[in-house]
Each structure stands twice: as structure tokens, then as C-alpha cells.
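Structure record follows, encoded as C-alpha cells.
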Amino acid sequence: MMNRRAFTTALALTAFSGSLLAAVSACSKQDASSSKAEGTATPTPAATSSAGPGPSKHPAMLDPTLAVDKAPDVFKAKFTTSKGDFVVEVTRAWAPLGADRFYNLVKIGYYDDTRFFRVVDGFMVQFGIHGDGAVNTKWRDAHIADDPAKESNKRGMMTFATSGPNSRTVQVFINYVDANARLDAMGFTPFGKIIDGMAVVDSLYKGYGEGAPRGLGPDQGKLQAQGNDYLNREFPKMDFVKEARIVP
């Protein structure tokens, strides 16, 4: 089993640009040059999805200090994706700080037109890096403190990714298997659960797998800087969020 540092690095919220590694071991960092995936004639998500909110649509997109509303005790968020819809129910008592951050991100439209950039069969699906590099620049250091774990990382649970203590920002993942309960003691605190559409989550494209350099997936440094332009160009089969909204 990986040690804490290795595992949290593998689920890191941010990529540290300039960290190019010649080989990967259990303790290596995931930031490195990306490898190109197979060519395809499939239309890019940009051609089929609605445009995201863009930095001009909500002031908080470029100023995280404006996204600080307290979440309801329980709320639901509906994600409309390229494969269908799923709904996550968030319970604030499980992880108050995480729930508040997620609530604000959905409210401002942050997750609209974002990609499921890391989909590992038998493990989890991760998303949350914005399609606009200017937005990423503002949010990548907008950390929130840790929440003590009250629920377990079992199948269907949604959790913020983290690169170490008090480093959560915007990236989240959905657990595919109950075996991920081993993450509980590593700082990965679930805040919600998929209550409808888990079959949609299961169907998300997994062909790219793990991120570079361990897999065919994207390099997070390039994704942070170039956003969806990079993904549309080199990873056109990747599934994506069309929009995410709080359910009334």
C-alpha cells in the first residue's frame, strides 16, 4: 500500500509545474509531461456542450473570496453530463467546510463544462479543474481547512481531493468501490453521496485512465494552464459536465 504522501500526491488538487520526472515510483509526484492519446474523429466536447459560465458570468469565478455562503444542512446538486445525469446529496454535518465550498462552486457555475480528466476503473473518477486557465489561476491556491472524517470513502461517495493537510480547493472525486475506505485515514473526507445516476458515473470514458506519466491521461500542469483547449486537442473522448445546479 502507498504511504500517505504518495497517495495524496496521486489525488493531488494541483499540479506543480516544472516537475518533470523520468520514472515513476510509489512515492513519485504525478506532474510531468503529458502523453498524447490515440487519435479519433469523435467531435470534441466543446462542439457538443453548452458553453461554460466563463469568468465574466459570475464575479466569484475570478475572486474566490466572494464564494463564501453557508450551505444548507442537506442539499442536492444535479450534474448534467455527456453521458446523462447524476445527483449528489450533500450532508453538511459530514464535512461542513467541504460542503460549503462545494455548494458555492455549484452555485457560481464553476463545474460547468469541466472534464472528468481522471477516470480509473475500479478506483474513482476525478474532476474539478476549470476549462479556463485564468479561473484556475485564481482558485488553485484557494485552500480550505480539513474536515475530520465522519463518513467512509465507499462506492458512490463524493470527496474533495487533497495534496496534504488543509490543501483542498476545487477538485473532487467519486468513489467507484467500497475498498476506497482505506482513504479515510489519509485526509480524504466524504461530504456527499450519489443518490441517483451512479450508472452514469460508471459509464464515463475510462480509456485514458491514470494521468501522465503513469497513464495515458492529461498532465495536470498543462490542464491548469491551458484548460479545455488542451483537453479538446489531445483527449477528445473525455466525458464532461455540461452543467451543475443546486436542486430546488
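No value in this document is a laboratory result; all are computed from the given coordinates. Keep in mind that this is a model prediction, so the values were computed, not measured. Because the Cβ atoms are built from the backbone with ideal geometry, glycine has one as well, and the counts that use them run over all protein chains shown.
Rule-of-thumb check for the stretch 135-238: C-alpha Rg over 2.2 N^0.38 Å?
1.15
How large is log10 I(q)/I(0) at q = 0.27 Å⁻¹ when the Debye formula is applied to the Cα atoms of the stretch 127-192, each weighted equally and without solvent?
-1.13
Quick one: net charge around Asp113, please, counting Lys, Arg +1 and Asp, Glu -1 for every other residue with C-beta under 10 Å from its C-beta.
Surrounding charge for Asp113 is -1.
Could you order the peptides 146-159, 218-231 from most to least packed, using the average number of other C-beta atoms within 10 Å per residue?
218-231, 146-159
Give me the number: length gained by fully extending Ala134 to Asp229, i.e. 0.36 nm times residue separation minus the C-alpha to C-alpha distance, one decimal in nm.
32.9 nm
Roughly how many whole Å is it from the C-alpha centroid of the stretch 197-216 to that of the stretch 92-116?
Using only Cα atoms, the two centres lie 21 Å from each other.
Taking the Cβ of Thr159 as the center, what net charge do the other residues with Cβ under 13 Å away carry, scoring Lys and Arg +1 and Asp and Glu -1?
Local net charge: +3.
How much length is gained on full extension from Asp73 to Ile195, taking 0.36 nm per residue of separation minus their Cα-Cα distance?
Stretched fully, the Asp73-Ile195 segment lengthens by 42.3 nm.
What are the aspartates and glutamates whose alpha-carbon lies under 19 Å from the alpha-carbon of Lys193, with same-chain residues fewer than 8 places away excluded?
Reachable aspartates and glutamates: Asp73, Asp85, Glu89, Asp100, Asp121, Asp146, Asp147, Glu151, Asp178, Asp184, Asp202, Glu243.
Can you pull the semi-axes for the stretch 73-221, root of five times each eigenvalue of the Cα gyration tensor, sorted largest first, whole Å?
Here the semi-axes work out to 20, 18, 17 Å.
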